[in-house]
Amino acid sequence: MPPLPPRTHLSLALAIAVPLMLASCGGGGGGGFSFTPFPAANGGGGDAPPPPAPPPGAPKFAVGGTVTGLAGSGLVLQNNAGDDLAIGADGSFSFATSLDDGADYGVTVKTQPTALQVCVAKQAFGTVAGAAVNSVRVNCSEAGADRFGFAANERSNNLTAYTVSADGSLSAATPAAYSLAGTPQHVTVHPSGKKLYASIYVGTKGVTQYTIDPAGTLSQDLNITTGVGTSPVFVGVEPKGRFAYVIGDGQIHRLNIDATTGDLDGSTAVAVAGGNSRKLGFDPDGRFAFVPNGASVEVFRLDQGTGVPISPPVPVALPVGGFVDVAAEPSGRFAYVSTGNNPGTLLAYSIDQTTGALTSIGSVPSGNTPFGMAIDPTGRFVYVANRNSHDVSAYAINPRTGALTAVPGQPFSVGGNTPNSVTVDRTGRFAYTANQGDNTISIFTIDRTTGALALQTARPAGANGPQFFALTK
């Protein structure tokens, strides 16, 4: 074969050398360079780029707050009727489930402590607003069983005294009665349990004060007959125990209370408002006084240093009936008014937390001539004594809206006649009515789940015309 031309020799050498170089420098990783092919264009077989990362989820926010005053165990909280959270000690808490921005929350007490305590959730309802909620306050207070009871007897001109057993039953104390120099209309006990005050509206008119000793015995140590009106029909103490309010002769009179002894200071009596009421009620913090007055309820905002109204009252017209009693539930968000008409009506209101103004949230029918009213210490149930149907109406309170729902089985007969008032004990386990018509006191056991009443007995009061029944520890 003839020899190849020089250019042909060069082309052949390159054709052999280039593949060998590429093979020797391939995927082994030990060479000094590597070969990277150009990516395929327009779907030429290369991998597609990864999809973009999904956007982050909407933020969620924790709901919680602080527990104070707790003793013992057993407290269980809920948020929006679920997400149970057991609490074992004072301090901050947070529910396991966080909520979306704009979601509603509602913290309630599902189970009270096993110790004799009552815990109440405040600032417990609202809407998540772009931040964690830590403003809920659960306040727990001692609720030791009441040991003594006292009735104001209109037709006997005396007070009768009772000892309270663990099952709520009553027995006559020693002494069993205390004579008064006039006709009592109302009786109340200072929050400390040290003093009892009775309003006397016929005879020696005024307010009589007693000291309650550890055995439940009363010792009269004060009788105020000036500065409280000429016919006092009611005496009440605001929840912090700093001021007493007496209603008489169309006037409301305020008296200072000694913070150490519980003694009324008659020299501080001052008329703070007019009105035709026979009762008044307070919000649980003593900021507002609610006074049924004719066809309206007047709301007073109270100076926290003096107990005197800060500004003129704000009246709220009652849509039906007249007026009898008013009470606020323990969280301070809702108030209820019994109208005293026949057939009766119980009115429900929300409370403005700045001004105390009342806004109607509905009403429910009650028995005939609803009179005295009581709310259990947990704020779950309200009870109304109906004078002319001789029974007690009972309603469950919706903790979010304040609306009332009839308790199954209500109304509950008192087993006597003409109940003038109803009282619930500090533990929420027992209720009592003072039955003016047949001189008895009815004793009920309260179902703490449903609020239903079970009548134990209607025992003789030991006097005539019981008007009101008060309890103390």
Is it true that ALA374 is at pLDDT 95 or above and under 17 Å from SER296 (Cβ atoms)? no
Starting from the range 242-267, take each residue that is without any contact (Cβ under 8 Å) to a residue 24 or more places away in the chain and list its partners that are among the polar types (S, T, N, Q) and part of a strand (DSSP E or B), counting only C-beta distances under 6 angstrom and pairs at least six apart or across chains. ASP265/ASN256
Those residues of the range 438-461 which are at pLDDT 95 or above and assigned to a loop (DSSP other than H, G, I, E, B), in sequence order: ASP438, ASN439, ASP447, THR450, GLY451, ALA452, ALA461
What number of residues within the range 251-291 satisfy the criterion of being of a type outside the set (A, V, I, L, M) and part of a strand (DSSP E or B)? 13
Go through (1) modelled with pLDDT under 95; (2) in contact with a Pro (Cβ under 7 Å, 6 or more places away or on another chain); (3) among the hydrophobic types (A, V, I, L, M, F, W, C) and name the single condition VAL384 misses. (1)
Give PRO232, PRO214, PRO239 a once-over and let me know the one that is under 30 Å from ALA121 (Cβ atoms) and without any contact (Cβ under 8 Å) to a residue 60 or more places away in the chain. PRO239
Considering only the range 418-437, state which residues are at pLDDT 95 or above and on the phi > 0 side of the Ramachandran plot. THR418
Select from the range 300-316 the residues that are within 11 Å of THR355 (Cα to Cα), out of contact with any Asp or Glu (no Cβ under 9 Å at 6 or more places or on another chain) and modelled with pLDDT of 85 or more and list them in ascending order. PHE300, ARG301
Under 9 Å between Cβ atoms, at least 6 apart or on separate chains: pull out the pairs that start in the range 44-59 with a residue that is at pLDDT 75 or above and end on any residue that is part of a loop (DSSP other than H, G, I, E, B) and surrounded by 10 or more Cβ atoms within 10 Å (Cβ to Cβ). ALA58/ASP101; PRO59/SER98; PRO59/ASP101
So for the range 213-221 (the condition being closer than 22 Å to SER421 by Cβ and assigned to a strand (DSSP E or B)), does at least one residue qualify? yes
Regarding GLY416, is this residue surrounded by fewer than 23 Cβ atoms within 10 Å (Cβ to Cβ) and in contact with a strand residue (DSSP E or B) (Cβ under 9 Å, 6 or more places away or on another chain)? no
Quick one: which strands (runs of 3 or more DSSP E) lie wholly within the range 311-375 and hold at least 1 residues that are surrounded by fewer than 23 Cβ atoms within 10 Å (Cβ to Cβ)? 314-317, 325-328, 345-351, 358-365, 370-375
Which strands (runs of 3 or more DSSP E) sit wholly inside the range 88-185 and have at least 2 residues that are in contact (Cβ under 8 Å) with a residue 60 or more places away in the chain? 104-111, 117-122, 133-142, 148-153, 158-164, 170-179
Out of the residues in the range 282-298 that are surrounded by fewer than 24 Cβ atoms within 10 Å (Cβ to Cβ) and over 15 Å from PRO309 (Cβ atoms), which is nearest to the chain's Cα centre (by Cα)? PRO284
Can you find a residue in the range 86-96 that is at pLDDT 95 or above, more than 30 Å from TYR201 (Cα to Cα) and in contact with a Gly (Cβ under 6 Å, 6 or more places away or on another chain)? yes
Would you check which residues across the range 162-199 are touching a Ser or Thr at 6+ places or on another chain (Cβ under 6 Å), among the aliphatic types (A, V, I, L, M), within 24 Å of THR268 (Cα to Cα) and modelled with pLDDT of 95 or more and list them? VAL189, ALA198
Across the range 70-87, the tally of residues that are outside any strand (DSSP E or B) and surrounded by 14 or more Cβ atoms within 10 Å (Cβ to Cβ) stands at 4
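The values are calculated or read from the model by the stated rules, or taken from the named source; none is laboratory data. Just so you know, these numbers come straight off a predicted model, no measurement behind them. All Cβ positions, glycine included, derive from the backbone under ideal geometry; neighbour counts span all protein chains shown.
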